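The values are calculated or read from the model by the stated rules, or taken from the named source; none is laboratory data. It should be emphasised that the depicted structure is a prediction, and the values quoted were computed from it without experimental measurement. Backbone-built Cβ (ideal geometry, glycine too); neighbour counts: all protein chains shown.
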Amino acid sequence: MRERAALAIGRIGDKRGVEPLVNTLRKDENESARAMAAFALGEIEDAQAAAALLDVANSSNESAPVRARAVEALGKIAGVQANAEKPGPATLNTISQSLIKQLPTADTTLSADQKLLASLAITALMRLRNPASVEPLAQQLKSKDAEVRAQAANALARLRQPIGSAVPALIEALNDSEANVRANAARALGASKDTRAVEPLVKMLADESDQARANAIRALAAIGDNRAVEPLLVLGQTLYERLNSNPSGDNLLIEIIAALHSLKDDRALPLLRQIRLQQGGGAYPELEVAIARFGEREFFQPSIDKVIRSGLNPRWIANLAQGLGELRTEQSKETLWWLLGAHDQESKESGDEASSVPDILRALAKHKPSTLQFILRTYLSHSDAIVRATAASLIAETVDDQNFSALVAGWIKAESDKSNDAKLAILSALAKYKTPQAVDAVKAALIDRDHLVRRHAVDLLKQMGAGDFSDRIGIVQTGHDKLFYQRVAARLNKKITATIHTAKGQIKLELFPQDAPITVDSFITLARKGYFNNLTFHRVVPNFVIQGGDPRGDGEGGPGYQIRCEINTRPYTRGAVGMALSGKDTGGSQFFITHSPQPHLDGGYTVFGQVTSGMEVVDRIARGDLIKRVEIVETSSRP
């Protein structure tokens, strides 16, 4: 009970919970309760807990699991910019050195508890982003444990510090026997931008692992050396020829298109032209952006005009708009105006017909037409909340009285929205004014029914210097009754599986009601209603995630409600199922499945399931692939 109470306090995130959690960490006789108290302190991210966590992390009398969670918490707390500024360099250096001391020597055979401590120490150092971490992390590339080697390479890739001294070890790691180590080493070399890595990375383009090849492609693009162009074109041509037997597209080919765009070499045009001709204009946003670099004559092929005029595929129109935004010519501007006219706001309803409008507006804003502000003010009254949110974000760049009045009117229209996207964007735009009238407009959100809107208003009012209105956030109105919680509780000891049926095969998941009961309940309820039927995996990032569950198909949709986060200690291993978010407690219907371990997501996104079979299907999923249906099976109880 004390363990679950500690977790609940951490999930709520209120700093009043720090003192009782520290007391539990210091005094509780139960190891699991102490470990969870440390984890919860990391979720609250209050610098006041650092001293107690340091004591535990450095204690030789404390168990490895508790020290591991203390180390994890220190990384989360010290990794927050606001916290990093308070204690000063000396305290941050003390935390960094404490974390480094937790790392094992390379020749150590690790027990499960020791591996947990090492893994969480590596992730904490990644979050801390201290230059002193580079060499200790590079030493972990020699670990006897493959997971530790992979995590060390991943940390170096995300450190955002110069890692030149680690480059030789990372190049050597490209020959590791484990694909995930090779992939993460490639990513880190891309972050280093060191040209010594170009030839080894080119060799990796023939790696047997698509995960390693995807990271090698991105790394070559990041380094920006034109020696990579010809090898990328050779691989791209091979993948292009495979498209005939794979009409849904190829994830690696999309990565190559993006890389060729980054390298900005004219030799790429013939291949890009071939792909566009076969797949059709608008198939991939990356391709439209890449083609735009070669000018409007290349961009405006006859087939493109046909796609634009037909308007049959909103996602393709949105993809073309991204290319038009990069083109920035008179013809591209006129085309965007035409597209807006074709989707006249009076005749549009929310849904697919409006899903291309946000990208069109963003592209038009790049052209900076003289009538842009008028158009954005007009779209603040659009029927679609995402369109209004986009207009508010764009109009925030220009502060004037007419825009202010339009934003206030937009807020009134948004009050009846089921989603909070427009409200949040409008409040952020209003806060840019920092006038008494703007303060009053933001204060109006303090009585909104959505606690996330109230919380955002409180944060903005602090930034505007209007005072602290934290007491106005109030209690979350969940809308759940006793029967809801009884239903959720009844599943806690059940074994629940979900099978995602796709054209490429079945993906079977085990769901975790003990760790994320409300998230699991929502997923089950939506699945049994047929909500997921014929939705797409709208987002696929090779060697990262596949993401689906959006009825709009553009990453902005949801079920019309939001659920709170249920952060837990399950790690994001390969095949972990997580709830997508746009901020704390904004989960809905969008979920993702990881291709590979992603420790930077741990403690930030709810893990509510794990793939038990069908990972080969996950690896084959391409952007746009359909979810036919999701089948749920519940057993009466766990054995």
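In summary, PHE294 fulfils each of the numbered conditions (1) modelled with pLDDT of 95 or more; (2) over 27 Å from GLY555 (Cβ atoms); (3) part of a helix (DSSP H, G or I) with the single exception of condition (3). The residue that is surrounded by the most Cβ atoms within 10 Å (Cβ to Cβ), among those in region 484-524 that are in a loop (DSSP other than H, G, I, E, B) and within 24 Å of the chain's Cα centre (by Cα), is ALA516.
May I ask you to list the residues in region 501-515 that are hydrophobic (A, V, I, L, M, F, W, C) and at pLDDT 95 or above?
At the first step, the residues of region 501-515 found to be hydrophobic (A, V, I, L, M, F, W, C) are 503, 507, 509, 511-512.
The answer is ILE507, LEU509, LEU511, PHE512.
When the residues of region 377-396 are filtered to those that are touching a helix residue (DSSP H, G or I) at 6+ places or on another chain (Cβ under 7 Å) and of a type in the set (Val, Ile, Thr), the one that is farthest from LYS366 (Cα to Cα) is ILE386. Here the condition is being in contact with a helix residue (DSSP H, G or I) (Cβ under 6 Å, 6 or more places away or on another chain), free of Cβ contacts under 8 Å to residues at least 60 places away in the same chain and outside the structural domain of GLU566 (by TED's automatic domain parsing); of ALA40, ALA5, it holds for ALA40 alone. Any chance region 148-158 includes a residue that's touching an Asp or Glu at 6+ places or on another chain (Cβ under 9 Å), touching a residue at least 60 places away in the same chain (Cβ under 8 Å), among the small types (Gly, Ala, Ser) and closer than 22 Å to HIS595 by Cβ? Yes, the conditions are met somewhere in region 148-158. Contact map, region 528-555: first residue over 22 Å from ALA576 (Cβ atoms), second residue of a type in the set (S, T, N, Q) and modelled with pLDDT under 95, Cβ cut-off under 7 Å, separation 6 or more or different chains; pairs are ARG552/SER355; GLY553/SER355; ASP554/SER355. Within region 560-594, being surrounded by fewer than 20 Cβ atoms within 10 Å (Cβ to Cβ) and more than 20 Å from GLU45 (Cβ to Cβ) holds for GLY560, TYR561, THR573, ARG574. Screening ALA503 with (1) out of contact with any strand residue (DSSP E or B) (no Cβ under 7 Å at 6 or more places or on another chain); (2) within 27 Å of ALA258 (Cα to Cα) gives one miss only, at (1). Taken over region 291-324, the criterion of being out of contact with any helix residue (DSSP H, G or I) (no Cβ under 7 Å at 6 or more places or on another chain), surrounded by 15 or more Cβ atoms within 10 Å (Cβ to Cβ), free of Cβ contacts under 8 Å to residues at least 60 places away in the same chain and more than 15 Å from ILE275 (Cα to Cα) is satisfied by ASN313 alone.
Restricting attention to region 565-586, does a residue exist that is aromatic (Phe, Trp, Tyr), closer than 22 Å to ALA318 by Cα and in a loop (DSSP other than H, G, I, E, B)?
Initially, region 565-586 is screened for residues aromatic (Phe, Trp, Tyr), giving 572.
Then drop every residue that is not closer than 22 Å to ALA318 by Cα, which leaves none.
Among the residues of region 565-586, not one is aromatic (Phe, Trp, Tyr), closer than 22 Å to ALA318 by Cα and in a loop (DSSP other than H, G, I, E, B), which makes the answer no.
Do we have any residue at all in region 192-206 that's in contact (Cβ under 8 Å) with a residue 24 or more places away in the chain, buried (at least 24 other Cβ atoms within 10 Å of the Cβ) and in contact with a Gly (Cβ under 6 Å, 6 or more places away or on another chain)? So far as region 192-206 goes, no, none of its residues is in contact (Cβ under 8 Å) with a residue 24 or more places away in the chain, buried (at least 24 other Cβ atoms within 10 Å of the Cβ) and in contact with a Gly (Cβ under 6 Å, 6 or more places away or on another chain). A Cβ distance below 6 Å, combined with a sequence gap of six or more or placement on separate chains, defines the contacts here; from region 457-485, residues that are within 22 Å of ALA422 (Cβ to Cβ) reach residues that are aromatic (Phe, Trp, Tyr) and surrounded by 10 or more Cβ atoms within 10 Å (Cβ to Cβ) in the pairs VAL458/PHE469; LEU461/PHE469. If you go through region 325-338 and keep only what is charged (D, E, K, R) and either in the same structural domain as ARG623 (by TED's automatic domain parsing) or under 19 Å from ARG273 (Cα atoms) (or both), you end up with just GLU326. Could we say that ALA57 is buried (at least 19 other Cβ atoms within 10 Å of the Cβ), hydrophobic (A, V, I, L, M, F, W, C) and touching a residue at least 40 places away in the same chain (Cβ under 8 Å) here? Criteria met by ALA57.
Considered as a group, the residues in region 255-289 that are closer than 23 Å to ALA216 by Cβ and among the small types (Gly, Ala, Ser) include one that is surrounded by the most Cβ atoms within 10 Å (Cβ to Cβ), and that residue is ALA259. Residue count for region 192-229 under the criterion of being part of a helix (DSSP H, G or I) and either of a type in the set (S, T, N, Q) or not assigned by TED's automatic domain parsing to the domain that holds ASP265 (or both): the result is 5. Of the set (1) more than 28 Å from the chain's Cα centre (by Cα); (2) part of a loop (DSSP other than H, G, I, E, B), all apply to ARG449 but (1).
Residues in region 454-483 that are closer than 28 Å to GLY548 by Cα and part of a loop (DSSP other than H, G, I, E, B): VAL476, GLN477, THR478, GLY479, HIS480.
Identify the residue in region 211-242 that is of a type in the set (Val, Ile, Thr) and within 25 Å of the chain's Cα centre (by Cα) and, among all such residues, is surrounded by the fewest Cβ atoms within 10 Å (Cβ to Cβ). I'd like the intermediate steps shown before the answer.
The first filter runs over region 211-242 and keeps only residues of a type in the set (Val, Ile, Thr), leaving 217, 223, 229, 234, 238.
Narrowing further to those that are within 25 Å of the chain's Cα centre (by Cα): 217, 223.
Details: ILE217: 30, ILE223: 22.
Checking each candidate, the answer is ILE223.
Residues in region 158-189 that are crowded, with 19+ Cβ neighbours inside 10 Å and either of a type in the set (Gly, Ala, Ser) or part of a loop (DSSP other than H, G, I, E, B) (or both): LEU159, ILE163, ALA166, ALA169, ALA173, LEU174, ASP176, ALA179, ALA183, ALA185, ALA186, ALA188.
Here's a check for you: in region 335-365, which residue that is among the small types (Gly, Ala, Ser) and modelled with pLDDT of 90 or more is nearest to GLY325 (Cα to Cα)? Filtering first and then ranking leaves ALA363.
Where in region 1-103 are there helices (runs of 4 or more DSSP H), lying wholly inside it, with at least 2 residues that are of a type outside the set (A, V, I, L, M, F, W, C), under 24 Å from the mean Cα position of the chain (by Cα) and closer than 23 Å to GLN151 by Cβ?
Numbers: elements: 2-12, 18-27, 31-44, 50-57, 64-78, 81-85, 88-101.
Per the criteria, 31-44, 64-78.
Check whether at least one residue in region 610-629 is touching a residue at least 12 places away in the same chain (Cβ under 8 Å), touching a Pro at 6+ places or on another chain (Cβ under 9 Å) and buried (at least 21 other Cβ atoms within 10 Å of the Cβ), and report yes or no. The answer is no; no qualifying residue exists. Selection of region 524-545 for residues being over 23 Å from VAL633 (Cα atoms) and either among the aliphatic types (A, V, I, L, M) or not assigned by TED's automatic domain parsing to the domain that holds VAL630 (or both) yields VAL540, VAL541, VAL545.
In a residue-by-residue description of region 598-607, the property of being small (Gly, Ala, Ser), outside any loop (DSSP other than H, G, I, E, B) and surrounded by fewer than 22 Cβ atoms within 10 Å (Cβ to Cβ) applies to no position.
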